[in-house]
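Heads up, the thing below is written out as structure tokens.
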Amino acid sequence: MNTPYFIGLMSGTSLDSIDAVIVSFSPTFKLHAHHSHQLPAELRQQILRLNHTGPDEIDSLGALDIALGRLFADAVQTLLANSGIAATQIHAIGSHGQTIRHRPERAFSLQIGDPASIAEQTGITTVADFRRRDLAAGGQGAPLVPAFHQALFQQRGQDRVLVNLGGMANITLLPDDETRPVLGYDTGPGNVLIDTWIRQQHGLAYDADGQWATQGQIQPDLLQTLMDHPYFAARPPKSTGREQFDLPWLQQALATLKTPPAPVDVQATLLELTAASLGQAIKQHQLTRPEVFLCGGGSHNQALITRLRHHLPDIPITTTDALGLAPDWVEAAAFAWFAMRTLEQQTSSLSAVTGAKGNRILGAVHFA
Ligand SMILES: Nc1ncnc2c1ncn2[C@@H]1O[C@H](COP(=O)(O)OP(=O)(O)O)[C@@H](O)[C@H]1O
Ligand SMILES: [Mg+2]
């Protein structure tokens, strides 16, 4: 290994864009370049269609797998061109892939975006399919990032909580001493319902800074109906996706109410659902003087942070900027780290998080 660079690729549930970073891990972690690659609307639609059971799934899946693999490779090539770093200097790419179905209860989770195409087009060794092995070992296959959070952010003398506000929200509890296990799980929806509702009502991709939500009133009866989803009370290990928290589920909840709330009040309530479920999850762990660090796109949502502070009045809340890594690039950086671990033949799952029988070396390698 004569070059320290790794590329991480992440495209999450939000379907907002493909995040790509160049990082190195020795002597210490460094972010060298980042790029946010556009996801064409047509591909976004195809991904959403495959998120739910429908006709002609295998042909659609095959075509989309290749189209996304090529797009991920395009993202890498643009990232490299912008950075001035040559492909030959990159040791490997770690590609999370696009989740189109997450069914840990049936031991599968499907991420697509053909890694062979990425390796072929870029000439760079590509590691992908990180979740499978953990699922095979009886785990949820998710969340995986707590291992990376631990490697980068664990601090002796301080309990830290990392919160990733992506489409789904997940937390990592990093205890102040390394002898205690790291815990982590998906707390429920992050931005996914907030995004879905404003898209449906106003055709917007997201509620910038939660401005629309702040104009509405939280509806306690709707909030209670949503919070009654069994996922919130379930004990970890647990992980979730659009399969559980999507528009049909929300519409079902709305249909149970005597008078339907105004759309703006639904938005306020959806924002509150994310904040309240997160706050509840963090509070139930008896942490000593913890600090919360936010990452993911939702960390830009000021209204969401205000509500989270309301639920956690005694806990300082900031973003991973305070830890030296901008919140938008944490997940992509994580998958660069996972690729490095795979090639070093080191384990990168945390069985205490996913519930697997043991820690495993994750990922499948497509050599350059
Ligand atoms: N300024 C902002 N205000 C509110 N929400 C934002 C803002 N910027 C980003 N987001 C939210 O972040 C989401 C993208 O977050 P991201 O971490 O990429 O999630 P994922 O991993 O699911 O793709 C967007 O869909 C949007 O909901
Ligand atoms: Mg994203």
Sum up the charges of everything whose Cβ sits under 14 Å from the Cβ of residue 154, counting Lys and Arg as +1 and Asp and Glu as -1, but leave residue 154 out. -2
Sum of side-chain charges, residue 132 neighbourhood, beta-carbon under 14 Å (Lys, Arg +1; Asp, Glu -1): +4
Is there a quick way to get the dipole size of segment 68-186? I mean about its Cα centre, with the Cβ of Lys and Arg at +1 and of Asp and Glu at -1; what is the value in debye to the nearest 20? 220
Scoring only Lys, Arg, Asp and Glu (+1, +1, -1, -1) among other residues with Cβ under 15 Å from the Cβ of residue 248 yields +1
Rule-of-thumb Rg ratio for the chain [Cα; 2.2 N^0.38 Å; N residues]: 0.95
Each label sits 7 Å from Cα toward the beta-carbon; between residue 258 and residue 61 the label points are separated, in nm, by 4.7
Loop trypsin sites (Lys or Arg not before Pro), segment 1-109, which have at most 16 other Cβ atoms in a 10 Å radius of their Cβ (DSSP): none
Can you give the charge dipole size of segment 146-315 about its Cα centre, rounded to the nearest 20 debye, using +1 on the beta carbon of Lys and Arg and -1 on the beta carbon of Asp and Glu? 160
Positive dipole terminus of segment 146-315, leading residue within 225, 153, 266 (C-beta point charges): 153
How much area per residue is accessible in segment 112-235 when the probe is 1.4 Å and only protein heavy atoms are counted (Å²)? 39
Taking a ≥ b ≥ c as the square roots of the Cα gyration tensor eigenvalues, with a/c under 1.5 meaning rounded and otherwise prolate when a/b beats b/c or oblate if not, segment 1-150 comes out oblate
Helical segments meeting 24 Å axial Cα length and Kyte-Doolittle -0.5 threshold in the chain (DSSP H): 57-83, 263-283
In nanometres, what is the gap between the two model label sites at residue 52 and residue 158, each 7 Å from Cα along Cα-to-Cβ? 4.4
Suppose every K and R has +1 on its Cβ and every D and E has -1 on its Cβ; what is the size of the dipole of the chain about the Cα centre, in Debye to the nearest 20? 720
Extreme residue, positive dipole direction of the chain, given options 141, 294, 99 (C-beta unit charges): 141
Would you mind telling me which residue in 29, 130, 148 has the biggest mean-square fluctuation in a Gaussian network model of the chain, where springs connect alpha carbons within a distance under 10 angstrom? 29
At what distance in nm do the modelled label points of residue 352 and residue 368 sit from each other, each positioned 7 Å from its Cα along Cα→Cβ? 3.7
Segment 16-84 and segment 170-238 have their Cα centres apart by a whole-number Å value of 24
Expressed in nm to one decimal, what extension gain is obtained for the pair residue 283 and residue 306 from 0.36 nm per residue of sequence separation less their Cα-Cα distance? 6.6 nm
Once fully extended, how much extra length lies between residue 151 and residue 77, figured as 0.36 nm per residue of separation less the alpha-carbon to alpha-carbon distance? 23.8 nm
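The values are calculated or read from the model by the stated rules, or taken from the named source; none is laboratory data. Given the structure is predicted, the values throughout are model-derived calculations rather than measurements. In this analysis, Cβ positions are derived from the backbone assuming ideal geometry, glycine residues included, and neighbour counts consider all displayed protein chains. To get the accessible areas, we keep the full protein, side chains included, count just its heavy atoms, and leave off ligands, DNA and RNA. Shrake-Rupley method; radii C 1.70, N 1.55, O 1.52, S 1.80 Å.
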